[in-house]
Every structure is written in C-alpha cells, then in structure tokens.
Amino acid sequence: MDMLAQPRAPHRVAALRALCRDGKAELLKRFLESRASATAATRLLKALARHVDDVLARAWAESGLATTAPQAVLVAVGGYGRGELFPHSDVDVLVLLPNDDGYGDGRGDDSDAPRREALERFVTLCWDIGLEIGSSVRTVADCMTEAQRDVTVQTAMLESRPVIGNRRLFNQLTRALASVMDSAAFLRAKTLELQQRHVKYEGTPYSLEPNCKESPGGLRDLQVVIWVARAAGLGRTWSELAAKGLITPFEASQLVKHEGTLKLIRARLHAVAGRREDRLVFDLQTAVADSFGLKPSQGQRSSEALMHRYYWAAKAVTQLNQILMLNIEERLAGHEHAPSRPVTARFAERAGMLDVLRDDLYTENPHAILETFLVFAQTPGLQGLSARTLRALYNARNVMDAGFRRDPINRELFMDILRQPQGITHALRLMNATSVLGRYLWVFRRIVGRMQHDLFHVYTVDQHILMVVRNMRRFFIPEHAHEYPFCSQIAAQFDKPWVLIVAALFHDIAKGRGGDHSELGRSEARRFCRDHGIEAEDAQLIEFLVDQHLTMSRMAQKEDLSDADVIRAFARRVGTPRRLQALYLLTVADIRGTSPRVWNAWKGKLLEDLYRLTLRSLGGAQPHFDTEIETRKLEAQQNLALHSALPGTEEPLWQTLDVSYFARHDAAEIAWHARSLWRHVTTDTPVVTARASSVGDGLQVLVYSPDLPDLFARICGYFEAASFSIQDARIHTTRAGYALDTFQVIGTNGLTPDAPAGYRDLISLVETQLGAALAATGPLPEPRSGRVSRRVKSFPVTPRVTLSPDERAQRWLLTVSASDRTGLLYAIARVLARNGVNLQLAKITTLGERVEDTFLVDGPELQKPKAQLRIESELLDALTSPA
C-alpha cells in the first residue's frame, strides 16, 4: 500500500497545529507589546502571511500533494494574496491544476484517486491544525470561465500569488487573466460595487460604529483603487500610481499614512476582539483605545480620541479615493481631453463635473475656493467636482488660514452660498467632504468626526448638523412638501430661509466642550453674525434659535399642554410669531436629524399642538379654555351624530368628567370615548376598547374601570408582556371613581400590521387579553429582567429621579430619566402602586434608547418627607438596569 494513503500520524498533526497556533500567538504578542504604529501593523500583517505560507507549505508536503500533483500550484488569493493577513481574516487559497488535468469534469480515471485523496487530506489537515481556509480546486480554463462571468473572481485572482508548487502554471494563469481583462468594464463594475457598498453604510465615513474595512473611507476604498489601477495596467502601488501621474508624491505619502492608520486600527481590533471583527462597535472601542495607550483627557474619553483618529483617516481616504477613481475613469474613457463648456472665467463643465481651468487656481487666487461651491450651487446639472478640482482643493488646504477666514470677500462668498435658492445642502456637504467647511468655519472643524455619546444620535456632530440643514432645506422645496406638509406650509410664509440655515449650522456647534452647548453655541453664532455683517434683527433670531433649540421639544414632550399657564409661559419665552415659526421648523429638522428611530407621528402631533396653542396666545387670543372646551364638546356631538348616535348619548359619561378631561383630549377622542362607554358608565368589570391610531402607527387603547391603586401598573404589565411600547398615557379619574385612561401604543416586535384591515385581529386580541389581565386579582407579578442593548451597555444613562410639588403641594411632578429597557415603565408603575401614589397624567418620552418620562401624581405618602425619600430610592432601584 502507498504510504501516502495511510492516515497521518497524530503527533505530526499535533506538531503542525502547535506550530500554527504558537507562531501566530508569538507574532500577536510582539505586536500588542510594541508601540502602536503603522509600521508595526504592516510588519505584523506581512509576518502573519509568511507564517501561514510556511504552515500551508508544510501541510501541502504532509498531504502528499508534492508527489501526487507535481504540476499543481497552491495560490493565495484575495486579501491573503496581497501578502498581508490580519489576525483573524480569511485564508483563501486556490489549488490550480493544468488544463489537461480532467479533475472534477468526469475525465479522471482511477489513476487520479491518490491525488484526489491527497487534496482531501490537505483541506482536512488545514482545518485540523486551526487554519480556517476557503479553498477551491480549478484548472486555468475553469478560472478564466469564472472570471469572465464573475467580477468577484476576477478581483480575487488579480491579487493572487503562488505559495508552493508549479510557478510556471501560475504564470500561465496570470497571462490568461490579462488576456481576458476588460479594464473599462472592470472599472464600471467596481465603481457600481463601491456605490452600492457606500449606500449600505449610509454614504458616510462618520457612522458611530463604522466598519473599518467596508464603510466609506475604510480599507476597501483603497483596495478598489489598486484593483482598478492594476486591471488597467497603471500600477500596483501608490508610488507606481504617482509615477504614472495619477497622483502627486504628496498624495501618495498621504495615502500611505492613512492606509497605515486604518491597518493599525483593524489589526488591533482583531487582536483585542479575539475574532474576526471589522466593526468598531461600542463594546470594543474603549479596549482598542487602551491597546493604543490612549488615555482620557480634558473631558474626552479614550475611545473618542481613537474614533477621532479613525474619522480623520477615513475622511482623507474618502477624498483621495474620489480623486483617484475619477482620474482613472478619465484616463480610461479619455475624458481628460473631452470638450469643456465654460461656466465662468475660472471654471468649466467637463463630462458633468465642475473643472478648474488652472491647476494653481486656488494658490494664486484663494477667493476661488469658496467661489467653487457658489458656482456649483448656481449651475444646474453638475454632478460633482472633477478630479482636477478635488486635487487642487486638497493641495490648497494650507491656503485656508486665519487671513483667509477674515477676508471680507470670502465672508460675502460664504453668505452668498447660504442665500442660494437651491443647491445649498450639496454645496455644504461637498465643502465638508473636501475639508473646506471646517477650514473656513474654524469652529465647525472642532466638531468634525466628534462622536455623540448618547442613546439617540446615530451620527457624528458634523454629520448631524448637515442632516439638519438638509431637513430644513426640504421644508422649502415643493417636491418634498408631501413629507411634512405642515412644516412646508409654515416655511412658505418664512421670508429669509438662510437665517434658518445659519441657525441649523450653529445649533450644535459647541458640542463636546463641556458646559451648556446651547449657550456656548449662542456666543459662536453671535460672533459669526457680527463678522458676516448680518443685520441685528436676523442676528438676534439666529442667537435665539441656537440658544433655545431644545426648548420646544422639551415643552411638548414633558409639559401638560392643556395647562394655560404652560402655554402662556412658553409664549412669553418665544415672544413673536416669527420666532415661533423658526423654532418649530428647527425643532422638527433637529429631531429628524438625530436618528430615524427618534421621530414618530406622536411626537409630531405634540409639537404641532404646542405650536398652534402658542401661536393663538401670541396673536392676543389668550387660551380661554371654557370657550375651547365648549367648542370641543360641540365638535364631539357632531362627530357622534355622524356615527348615528342618538342625541344625549354623551351625557351620562360627560356628567362625571371635569374640565381637565376635555382639555386633554381632542373632539374625535371625546366622541370615541362617548360611543364606547355610553352603556358602561356604571360597571363592575373593566371595559377595554381599542382602535387603529389616528396619529401614525400603532393603537389607541381605552381602559375604563373602577379605580384601583395598582390599575396603571397592571395595564403597564400587560403591555410589557405583549411587547407593546407605550408612547403616551392620559390618565383620568371620574367624579364617580372610575379610571378613564387612554394609551397610545406601538408594537416592538412587529405586532402592529401595516394594513389597516390587519388591525382587526390585533384589536380583538388586545381587548380580550387586557380585559382579562385587569380582572385578575392577586399581587402584581415581578417585572421581567429587561434586555439591555449593546449601545445602552456602552453608554449607560445615570438614573435620575426628581419630585417637585406644585404651588399648593397637592400634586407632584415626578420626572425620571434612565436607559430604556423592556419593562421599565412597569417597574416604575409597581413602585407607585406599592406606595399608594395615584397617577394623574403620564408623558412618555423615548429618545432613541433613553427615556425621559414625566408623571403628575398625588397621594398622602408624598406629604411625608421620609416616605418621599423612600419612594425616590425605590424608583432609583427600579430604574437601575440589572445589567
């Protein structure tokens, strides 16, 4: 029997496994103990690749392939083919066979059996010793067939190299690949892939948990450039691309520098995670920062310092990737010599791009820098900036100094950009992407790439600001009027949209400095207005908006809008209808720009209600709630008549309700309650009825029941168990001692159907189950151990409880804030029920994964200082996450 066909000796497998494991461990140990530098990272990646080369060569020999397949060659492909291997990256290999081999196509005979067995032993051995390889066995012809069909295969082979075996066969593969390579088609395919990948990662390098390989500005953006350059025969390295004139020597050095930073971060991330992990997730950011030796300083976390370093590298890579891809496209398509259309004396349009007419335009005439973006905004049809323009801007960064920022012409140009009727959002985004915005507005530069360590912002500060600018601009664009009709209606009446753009630019400009960012931002806005010659009235409005940009949201979500004093106080603070219009628009744009999850229709209704009530107050029509309530009652009666209700249907219920009920519900809700309860005004069993919400998704649920101390807790317990999130709760107690509570809820596990007809089964389920839950007796069940998200674990909110009396100390305002989790509201309700605290009103506010809830409560225990302290302590215990 052939000795090669016999099973491998266990001690040789163990020895090879130890070689593989210990060699890698030693390399990682040296890397983590060395100074965190790009050089150390590059040395590690190359050493890991060489180490795997050695292990694979030994496995190749151990498996008998050198004897059974002497014409074959083991080829490293993909990332491993570059001769660099990250600690936990894939090891992709190709076993390449000659074309006349017949392997796998049915042409082989019994003489192939030893080789087949050897190949199987090789793959099995690799896995046995800890090498998780991705392997394929192909002939040269097979490779060419797949390469012509799949651009991914072309890409993998483009970066291939021989590890062990017949190098002549590998050279044959290289020549064959070159013969079928269509560089223009390859560029087009890779450009589309890049665009699709960028869309997947929201088109920004500034995600708070970026993928340092795949996100815009990540390593993949650099690899794409090298791939298309190699496919076009333009070079394999940055220095070769510089020699071909595609980049300048300075740009080549910048590429080397930023590529080194990204490689270092990714290598440390793999080493710290102990697995393949390319996302800089919150859980790992601090540990990776610690491995760099970064320390907290001046109120900045070590993880923030790490991410700031990452964002600056990613931003530069994004800029350089764009320059290079455009340059290669122009070189291949011949756009370098394409005819141009003059736009101004300094700029032309070439192939849809804004092109400078001279390479030294910006160094010779710095005013042209801002003029670039003004022309871009003013010229319809431009798709972007040409590679020549991008390069000229990149190389003119040092021109944008303090003198540049103080120049009166530049200040006028910047204001001209903000005053344009269109193109402002794209112009400002281009300015940020090319670093011009931060170099002109130095205060903006301080927040570029700055993380926001809270539970509702999902963008860095600069990206959030530009998102708010975008939202604001959309209010003034007719094509977007369907998105927020009320905002568009208000915007149409506003005379100076640019004032709102300036306020949006500055509303969060002072984030990360410590102190009140609204107050600090107001000072920055005042300085900007003074420097740019903005008239006093407009400047005062901008300062007011920056200073008060959080006020309207807080009032709408935390205060009782049925209280006339609340409306009057807010009207006094706002002062004029113009200020109210501007603050409303900024508030909506700001909330929409924090995260797609934060805004919902219920928040929109609360803000709109506050706006309308305040506008009426500012117009001299002080809230006369007696008149308002009579109007609502009349509208409710008309609504009842439309639903064929008999005259007087509402009277039995209305006679038991006080003025606060009518103040807190609109006419449609009042009519719905009357229709639902006219036969149940006196009842011993709970009545539960639900309907599809008239405001956004979800359900409105009405509960009418003899009042009990733990009623609210039982309702919350049911909604928690049924995976509903309570958005709003309006709690009332009738003169007859019945609770009349209305809840706005949405399903957290997809329980709420999209189609209105689909609500019927859900409504029936809620009415039946909640009714049964309220009829149950016995002690309240313990809250479930709520799951805490990764983000909450990384950025926990310190639980806070405040309890303050009203003027007569009869009712108390309870405010709680904490990290959100399943069952949190039920835990709060249990504490209130246990202490005999009655709930009058609940304002439920969820900001991403942070809750800020306000309750109006009363009860005899609140009059006792010791009992009050005990209640506050129990609430803090309930708010504290089990995690």
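For this structure, a couple of remarks:
- Taking the criterion of being farther than 14 Å from LEU56 by Cβ and open to solvent by less than 30 Å² (accessible area, probe 1.4 Å), the only residue of the stretch 67-77 that qualifies is ALA69.
- Checked against the criterion of being part of a helix (DSSP H, G or I), of a type in the set (Gly, Ala, Ser) and over 17 Å from GLY165 (Cβ atoms), the candidates ALA66, ALA47 yield just one match: ALA47.
- Residue check, GLU537 open to solvent by 10 Å² or more (accessible area, probe 1.4 Å), under 22 Å from PHE475 (Cβ atoms), over 35 Å from the mean Cα position of the chain (by Cα) and free of Cβ contacts under 8 Å to residues at least 40 places away in the same chain: yes
- Leading residue by the ranking (modelled with the highest pLDDT) among those in the stretch 170-208 that are under 16 Å from the mean Cα position of the chain (by Cα), buried (at least 18 other Cβ atoms within 10 Å of the Cβ) and not in a helix (DSSP H, G or I): PRO205
- Qualifying residue in the stretch 99-122 (condition: modelled with pLDDT of 90 or more and surrounded by fewer than 16 Cβ atoms within 10 Å (Cβ to Cβ)): yes
- Number of the condition not met by ALA57 [criteria: (1) surrounded by 15 or more Cβ atoms within 10 Å (Cβ to Cβ); (2) under 26 Å from ALA289 (Cα atoms)]: (2)
- Criterion applied to LEU640, LEU607, LEU618, LEU583 was being in contact with a Ser or Thr (Cβ under 8 Å, 6 or more places away or on another chain), under 22 Å from ASP697 (Cβ atoms) and either at pLDDT 90 or above or open to solvent by 30 Å² or more (accessible area, probe 1.4 Å) (or both), and the one residue passing it is LEU607.
- Residue in the stretch 277-299 that is polar (S, T, N, Q) and closer than 25 Å to THR191 by Cα present: no
- Evaluation of ASP508 against (1) at pLDDT below 95; (2) more than 27 Å from the chain's Cα centre (by Cα) (one fails), failing number: (2)
- Residue tally, condition open to solvent by less than 40 Å² (accessible area, probe 1.4 Å), among the aliphatic types (A, V, I, L, M) and closer than 20 Å to LYS605 by Cα, over the stretch 542-565: 5
- Residue among ARG568, ARG526 that alone is within 28 Å of THR846 (Cα to Cα) and either open to solvent by 60 Å² or more (accessible area, probe 1.4 Å) or among the hydroxyl-bearing types (Ser, Thr, Tyr) (or both): ARG568
- Neighbours by Cβ (under 8 Å, 6+ apart or cross-chain): first from the stretch 136-158, assigned to a strand (DSSP E or B) and open to solvent by less than 20 Å² (accessible area, probe 1.4 Å); second of a type in the set (A, V, I, L, M) and modelled with pLDDT of 90 or more: THR139/LEU96; THR139/LEU97
- Filter result (open to solvent by 50 Å² or more (accessible area, probe 1.4 Å), over 15 Å from GLU371 (Cβ atoms) and either in contact with a Ser or Thr (Cβ under 9 Å, 6 or more places away or on another chain) or assigned to a helix (DSSP H, G or I) (or both)) within the stretch 406-434: ARG406, HIS426, ARG429
- Counting only strands (runs of 3 or more DSSP E) that sit completely within the stretch 661-734, those holding 2 or more residues that are open to solvent by 20 Å² or more (accessible area, probe 1.4 Å) and either touching a helix residue (DSSP H, G or I) at 6+ places or on another chain (Cβ under 8 Å) or not acidic (Asp, Glu) (or both) correspond to 687-692, 724-733.
The values are calculated or read from the model by the stated rules, or taken from the named source; none is laboratory data. Fair warning: this is a prediction, and the values are worked out from it, not measured in the lab. Heads up, the Cβs are rebuilt from the backbone with ideal geometry, glycines too, and the neighbour counts pull from every protein chain shown. Accessible surface areas use protein heavy atoms only, side chains included; no ligands, DNA or RNA. Shrake-Rupley method; radii C 1.70, N 1.55, O 1.52, S 1.80 Å.
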